[in-house]
Amino acid sequence: MFWIIQSAVSLGILWGIMSLGVYITFRVLNFADLTVDGSFTLGGAVSAVLAARGVNPLLAVLIAMVGGMMAGLTTGLLNTKLRIPGLLASILTQIALYSINLRVMGSPNIPLLRVPTIFTWLGDIGFPTRWISMGVGLVFMAGVIALMYWFFGTEIGSAIRATGDNPHMIRALGVHTDTTIILGLVMGNALVALSGGLIAQQQGYGDIGMGTGAIVIGLAAIIIGEVLFTQRNFMFRLMAVIFGSIVYRIVITLVLRFGLKSTDLKLFTAVLVALALYLPVMRSEYRQFKQRRRKINA
Amino acid sequence: MLKIKQVSKTFYLGTPNEHQALKNIDLTINTGDFVTVIGGNGAGKSTLLNLIAGVLLPDGGQIMLDDQDVTWMPEHKRAALLGRVFQDPMRGTAGDMGIDENLALAARRGKRRGLGWGIAKSEREQYREILGKLDLGLEGRLGAKVKLLSGGQRQALTLMMATLKEPRMLLLDEHTAALDPKTGARVLALTEELISRQQLTTMMITHNMRDAIKYGNRLLMLHEGRIILDIQGEDKRRLHVEDLLHMFEKASGSQLANDRMLLS
Ligand SMILES: Nc1ncnc2c1ncn2[C@@H]1O[C@H](COP(=O)(O)OP(=O)(O)O)[C@@H](O)[C@H]1O
Ligand SMILES: [Mg+2]
């Protein structure tokens, strides 16, 4: 049982990096970005194809990030320059990426048998096998969180946060919101693709369907994190996203063990996210209900 | 300072809803002028301010700010020259960010933003001092999120933000209209104080005729997209609400049937 939970935690951390990407677009930029399903797969595809061809697996993951950036850039340009609403713009990119990902991979699945990856590297230098996934996840997670914490404290980072908060205001203060929106989408999808690239190497294959529903999983992690770990400090809010992702993975692992069919997993996740999204509303409704009853009793 | 030449603005151009909100406006405002603007709902007051600020682009004509042709300059570039406060207190500040962070964003208006800190330590001290002078009890709550503030506090903060980095021109669009009368009066007093301290060239839209008369050295009245009254100097000082109503009827050829303006 320990090892089952441990491996769920490891996966939670690796997928948590994707959730941090979703956090940038969904929470910081206030942009419902469905590019994610496509850019996650793109990251996995690029990373798997390059690793399979003998490219340095770390470099493969970095190039996967560049792919994610281009995906974010596409959605950003569709939204700001062609004035297509964000949700629609990102769906267009996501659909386009399905074809692009198939072209990148050449087939729907790229196995990484006997191919060196970041994870096999660590095994080769004697890192305890069962801790490799968690080790890699923690290193990348720490780097990403540190970078995000720094960046969103800078002038440009603050301008991106303000764009998500009140675009009118920040335009009046001299910021070109097209630029900040594009920047946020580029960064968010870079992290999503990084996560996809790592996951492909970790599981030992890249798959055309690996990103399906990724956006919902990202939202689940963010919301679970917010509900369970209410935090004001930005650093802790970022860590809460990772915790949310870990909790999500553990829940998934448990319900699968208790007999949920793996094909029903997406339905389960959707219901979970719907409930989690409803929770803040439910809380305030409950508060109002209590108040009304108090008045009636008085 | 500000020169507007033959500027018109038509909404929904080329559709059945085509509507000309401003008609051939000619207007020159001198450095240091404090101009109040009144007019009924839909007269075109906000449209005029939005054209100056670059939120909207005109059909044609020319807008010069400080001998710089800004007619087609995008809003975010023009922002370097302009301080703005809006009618909606929510619109001028970022609610999920701190009071200090909002001020820091405003301090960088018109500057290139890079990878330096969004807010430096030394700035916080400076902001605490500025807020202390406001006497709204905000200096002790520098890190508090702006969404926790009242409408009046938010408008006062937006005013501070608009003038923190001295603008070439200050644009106020009914910035006290959403506040209760007492708070509105306080914010107006603060407005006047900031304007006179920095000698700011200002355009202030108001729905209150008394305020339009009381404040500033020049008064414009808009009606159906035209400037129908332009009173300044001694004439403005001697102005009464009754005079304004008379002048309006003569100039527009119609009764001023705007309760909001009459009652306030
Ligand atoms: N963005 C817009 N799109 C379409 N019509 C507009 C827009 N802004 C203003 N108008 C119209 O232009 C006219 C002038 O509006 P506005 O300048 O807001 O008036 P005021 O501020 O004097 O009340 C009104 O008829 C209004 O409906
Ligand atoms: Mg208006």
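The values are calculated or read from the model by the stated rules, or taken from the named source; none is laboratory data. Computed from a predicted model, the values in this text were never measured in an experiment. All Cβ positions, glycine included, derive from the backbone under ideal geometry; neighbour counts span all protein chains shown. Only protein heavy atoms, including side chains, enter the accessible area calculation; ligands, DNA and RNA are left aside. Shrake-Rupley method; radii C 1.70, N 1.55, O 1.52, S 1.80 Å.
Things worth noting here:
- Gyration tensor (alpha-carbon) shape descriptor, region A:1-81, a/c threshold 1.5: oblate
- Region A:2-212: Cα Rg divided by the 2.2 N^0.38 Å rule of thumb: 1.04
- Counting, for every residue in B:91-104, the Cβ atoms of other protein chains within 10 Å of its Cβ and taking the mean gives 4.
- For the protein assembly as shown, with all protein chains in place and a probe radius of 1.4 Å, 58% of the accessible heavy-atom surface sits on carbon or sulfur.
- Accessible area of A:ASP37 in the full protein assembly, 1.4 Å probe (Å², nearest 10): 30
- The three principal axes of the Cα atoms in region A:238-296 give end-to-end lengths of 48, 29, 16 Å, sorted in falling order.
- The mean of 1/r over all pairs of different alpha-carbon atoms in region A:103-260, once inverted, gives a Kirkwood hydrodynamic radius of 18.2 Å.
- Length-normalised contact order of chain A in % [C-alpha pairs under 8 Å, at least 6 apart]: 35
- Cross-link pairs exceeding 19 Å in C-alpha to C-alpha distance, out of B:LYS77/B:LYS111; A:LYS81/B:LYS165; B:LYS9/B:LYS250; B:LYS145/B:LYS165, comprise A:LYS81/B:LYS165; B:LYS9/B:LYS250; B:LYS145/B:LYS165.
- Ordered from largest to smallest accessible area (heavy atoms of protein chains, 1.4 Å probe), the residues A:HIS176, B:HIS76, B:HIS246 come out as B:HIS246, A:HIS176, B:HIS76.
- Inter-part distance where region B:83-137 and region A:214-247 are each reduced to a Cα centre, Å: 28
- Scalar couplings 3J(HN,Hα) for region A:22-35, obtained by applying the Karplus form with A = 6.51, B = -1.76, C = 1.60 to θ = phi - 60°, are 5, 4, 4, 6, 6, 8, 6, 8, 6, 10, 6, 9, 8, 4 Hz; x denotes Gly and Pro.
- Based on C-alpha pairs under 8 angstrom that are at least 6 apart in sequence, chain B has a relative contact order of 25 percent.
- Label-zone membership for region B:148-169, site B:ALA120, 7 angstrom Cα→C-beta point, backbone N under 19 Å: B:164-166
- Spin-label pair B:ALA251/B:ASP235, simplified geometry with 7 Å Cα→Cβ offset, distance in nm: 0.9
- Per-residue 3J(HN,Hα) values for region A:210-225, derived from phi via the Karplus relation 6.51 cos²θ - 1.76 cosθ + 1.60 with θ = phi - 60°, read 5, x, 4, x, 4, 4, 5, 5, x, 5, 4, 4, 4, 6, 4, x Hz in sequence order (x marks Gly and Pro).
- Probe 1.4 Å, all protein chains present, accessible-area order of A:TYR286, A:TYR205, largest first: A:TYR286, A:TYR205
- Heavy-atom accessible area order for A:ARG293, B:ARG141, largest first, 1.4 Å probe: A:ARG293, B:ARG141
- Between the Cα long axis of helix B:181-198 and the first principal axis of chain B there is an angle of about 80°, rounded to the nearest 10.
- Solvent-accessible surface of the protein assembly as shown, averaged per residue with a 1.4 angstrom probe and all protein chains in place: 47 square angstrom.
- Calculated on C-alpha atoms, the gyration radius of the protein assembly as shown divided by its Kirkwood radius gives an Rg/Rh of 1.07.
- Additional length obtainable on full extension of the chain from A:ILE95 to A:ARG293, 0.36 nm per residue less Cα span: 66.2 nm
- Karplus-derived HN-Hα couplings along region B:28-45 (A = 6.51, B = -1.76, C = 1.60, θ = phi - 60°), whole Hz, x at Gly and Pro: 10, 10, 8, 4, x, 5, 10, 9, 9, 10, 10, x, x, 4, x, 5, x, 4
- Dimensions of chain B from C-alpha coordinates, computed as largest minus smallest value along each principal axis and given longest first, are 58, 39, 36 Å.
- Calculated on alpha-carbon atoms, Rg and Dmax of region A:185-262 in Å: 14.0, 39
- Within region A:174-191, the residues that become at least 20 Å² less accessible when every protein chain is included than when their own chain is isolated (1.4 Å probe; DNA, RNA and ligands ignored) are A:GLY174, A:VAL175, A:HIS176.
- Once the Cα atoms are used to define both axes, helix B:121-134 deviates from the longest principal axis of chain B by about 50 degrees.
- Label positions at B:LYS5 and B:ALA185, each projected 7 Å from the Cα along the C-beta direction, are separated by 4.5 nm.
- For the residues of A:145-154, the average number of beta carbons from a partner chain within 10 Å of their own beta carbon is 2.
- Chain B packed on chain A takes about 2200 Å² of accessible surface away from a 1.4 Å probe, both sides summed.
- Whole-Å distance, taken between Cα centres, linking region A:2-80 and region A:103-129: 17
- Ligands, DNA and RNA aside, B:LYS23 has an accessible area near 50 Å² when probed at 1.4 Å.
- Take the Cα of B:ILE130, step 7 Å toward its Cβ, do the same at A:GLN6, and the gap between the two points is 5.5 nm.
- Two-decimal Rg/Rh across region B:99-221, once Rg and the Kirkwood Rh are taken from alpha-carbon atoms: 0.98
- MRE, 222 nm, helices only [DSSP H, n ≥ 4, -39500 (n - 2.57), over chain A, to nearest 500]: -26000 deg cm²/dmol
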